[in-house]
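Asks: Questions regarding the structure given below will be posed in turn.
The values are calculated or read from the model by the stated rules, or taken from the named source; none is laboratory data. From a predicted model like this one, the values you see are computed outputs, not experimental measurements. Ideal geometry is used to build each Cβ from the backbone, glycine not excepted, and the neighbour counts take in all protein chains shown.
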Amino acid sequence: MFQRCQVLNNTGRLCLYEGSKILRKKRLCQYHMTLLVRGERVKWAPKRLLEWDLDNRMKLAVQAEYVASLNREAL
């Protein structure tokens with residue numbers, strides 16, 4: 001499972017891209033890294049929101065695996 005970018009986008013929601021770059025122990029996508037290098041400010045996501053997002057994605061992955069196993073049994 002990939003790690004998300006830890007920055008909020010312009011609408012105040014989590015960035016949906018993969019955080020492939022690391023800066024000061026925070027993950028950033030290429031777009032937000034470019035903004036920081038240019039000197040623009042970014043709004044960091046709260047830690048609790050990042051934890052909730054990770055928990056939610058884990059639940060969805062478990063559900064998808066369960067559905068896939070039921071489909072394999074049905075065949």
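Asks: Check PHE2 against each of (1) at pLDDT 90 or above; (2) loosely packed, with under 14 Cβ neighbours inside 10 Å and name the one condition it does not meet.
Replies: Among (1) at pLDDT 90 or above; (2) loosely packed, with under 14 Cβ neighbours inside 10 Å, the lone unmet condition for PHE2 is (1).
Asks: Could you please find all residues in region 31-75 being outside any helix (DSSP H, G or I) and under 20 Å from GLY19 (Cα atoms)?
Replies: Initially, region 31-75 is screened for residues outside any helix (DSSP H, G or I), giving 39-46, 75.
Hits for region 31-75 are GLY39, GLU40, ARG41, VAL42, LYS43, TRP44, ALA45, PRO46.
Asks: Also, I was wondering about something else. Could you check GLU40 against (1) of a type outside the set (A, V, I, L, M); (2) loosely packed, with under 10 Cβ neighbours inside 10 Å; (3) under 12 Å from the mean Cα position of the chain (by Cα) and say which number it fails?
Replies: (3)
Asks: Among the numbered conditions (1) of a type in the set (Gly, Ala, Ser); (2) modelled with pLDDT under 95; (3) on the phi < 0 side of the Ramachandran plot, tell me where ALA64 comes up short.
Replies: (2)
Asks: Follow-up. Out of TYR17, TYR66, I need the residue that is in contact with a Phe, Trp or Tyr (Cβ under 8 Å, 6 or more places away or on another chain) and free of Cβ contacts under 8 Å to residues at least 24 places away in the same chain. Which one?
Replies: On the way: TYR66 fails: in contact with a Phe, Trp or Tyr (Cβ under 8 Å, 6 or more places away or on another chain).
Residue meeting the stated conditions: TYR17.
Asks: Okay, next question. Go through region 11-30 and give me each residue that's more than 14 Å from LEU54 (Cα to Cα), in contact with a strand residue (DSSP E or B) (Cβ under 9 Å, 6 or more places away or on another chain) and not in a strand (DSSP E or B).
Replies: GLY12, SER20, CYS29, GLN30
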